[in-house]
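J.: Quick one: the structure is below, questions incoming.
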Amino acid sequence: MSARTAFMFPGQGSYVPGILATLISEFPSARKTLDQIDEMCDEHGHAPVSRLLTDPAAASLDDLIADRSPDLDVALFAGNIVTYRILVETGLHADVVVGHSLGEVSAFTAAGALTVRDATRLVFDRTTALRGCSIPDGGMVALAVGSRRATHLTGLIDDPSTVLAVDNGPDQSVISGPSAALTEAEHIAAAAGIQATRLRAIHPFHNRLLRDAAETLARSFAGIPVAEPKIPVYSPVLGRYVQSAEDVRAWVERHMTQPVLFYDGLLRLYRDGVRRFVESGGRDTLTTLVPACLPAAAATIAPLRRRCSAAEFRRAADGTVQVEAVPATAPAAESANGHRPTSTTDEPADLPAADELFEQIRQIYADALGYPVDLLDADIDLEADLGIDSIKQIEAFRLARQRFGLPEPPAEVRVTSYSTLTELAELLRRLAGSEQASIATGV
């Protein structure tokens, strides 16, 4: 069996403001696709999504999550499917496609099961269903353990609606549930020495708590035409290949309430001869999972980890530029007994002089993020320029804070709003002083 290529379409976390800024004019089919999505945005009363993807000064991920979730969802879809068009124009083709959570809509579109217009309508209808139904306050927590240990942890919580939501690999899973139960889960994880990170999710996705919204969406989707996929599609929600239009409809009905078994999907694709995994979207959210899940023979390509030129994209897609893998979640520092170290004092420590502070922060971030120190200039944007997702940024800042014995920021402070090392150094200085009340929240 010859080696095969899988295109992977990410979900939440792949958005970067202006990610297509220097690319879109070079690829006519991509521009046409983005124009189609803009037309659908206008029909649904939304601003064109193209500005979010072509203007580096567009709204940040934090801003979209807080106030404009419909715009974020359509931006994720548009970024994925436009990247797919660019990949095809560069001569790279998929033998199979797979999506992660909302990214499965992009996979169905790439496979020809949905048109771009109908897929965009599905994305907007999904948001309408979520907004129109009563959903308990909740969210999601990422755990640095496999699905079996994560499921065991949820069993220790006195709330049966807290469940495994995502299985990303042997050392990464996500649980979802009500907010109070997730707080309890974080306390249990801390006691067990398990790294836990609250995700910026507005709902407890992949949970039966969303069943009313799922049923509402299934009813609205009944009028959307679906074709049989022209390219094989593996669905981590269905746990199998999608073979028919009925399978696509089954996914629509189940995807908000069933877990994403992405780890199983990677194993199945590898057994079926896939040896090259290509990220069709912003960042490298999915390709970073591959090394932890599969043998070394599995190669990865993530041509849009950050904003890049058409020439850089083509070289990455051709495999002539080696894209270094960055850990999906930076490993927590551990003491000899396997537990995370904690500060021995609640009092802020004195910080070194400005130049020395910056150099130490730069080294901490380089080690945590897997980047060469020389690449981390003072004013390089971790998200927009390097494609560093929020989980990695939060973990790197935690390590920096612990290095200097500093307290956690106030609850209203959004660490990811401090996107350069210069800004992060200032945040650390404020934590070390008496200015905590004046720290900008980024809200």
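The values are calculated or read from the model by the stated rules, or taken from the named source; none is laboratory data. Bear in mind that the values here come from a model prediction, so they are computed numbers and not experimental data. Quick reminder, even Gly has a Cβ in these numbers, built from the backbone with ideal geometry, and neighbours come from all protein chains shown.
J.: Checking the condition free of Cβ contacts under 8 Å to residues at least 60 places away in the same chain, in the same structural domain as residue 240 (by TED's automatic domain parsing) and either crowded, with 16+ Cβ neighbours inside 10 Å or not in a helix (DSSP H, G or I) (or both), which residue from 42, 71 passes?
T.: Details: 42 fails: either crowded, with 16+ Cβ neighbours inside 10 Å or not in a helix (DSSP H, G or I) (or both).
Criteria check complete, one pass: 71.
J.: Now for a different question. For the range 41-89, name all the residues that are of a type in the set (Phe, Trp, Tyr) and under 16 Å from the mean Cα position of the chain (by Cα).
T.: Hit for the range 41-89 is 77, nothing else.
J.: Can you tell me which residue is modelled with the highest pLDDT among those in the range 342-360 that are assigned to a helix (DSSP H, G or I) and of a type in the set (Asp, Glu)?
T.: Looking at residues that are assigned to a helix (DSSP H, G or I) and of a type in the set (Asp, Glu), I get 359.
J.: Oh, and also: Go through the range 293-313 and give me each residue that's under 23 Å from the mean Cα position of the chain (by Cα) and part of a helix (DSSP H, G or I).
T.: 293, 312, 313
J.: Right, here's the next one. In contact with a Gly (Cβ under 6 Å, 6 or more places away or on another chain) and not in a loop (DSSP other than H, G, I, E, B) - does that describe any residue in the range 392-401?
T.: Checked against the condition, which is being in contact with a Gly (Cβ under 6 Å, 6 or more places away or on another chain) and not in a loop (DSSP other than H, G, I, E, B), the range 392-401 yields no hits at all.
J.: When both residues are 6+ apart or on different chains and their Cβ atoms are under 7 Å apart, which pairs have a first residue that lies in the range 221-234 and is within 20 Å of residue 126 (Cβ to Cβ), and a second that is outside any loop (DSSP other than H, G, I, E, B) and charged (D, E, K, R)?
T.: Filtered contacts from the range 221-234: 221/125; 221/249; 224/118; 224/121; 225/118; 226/249.
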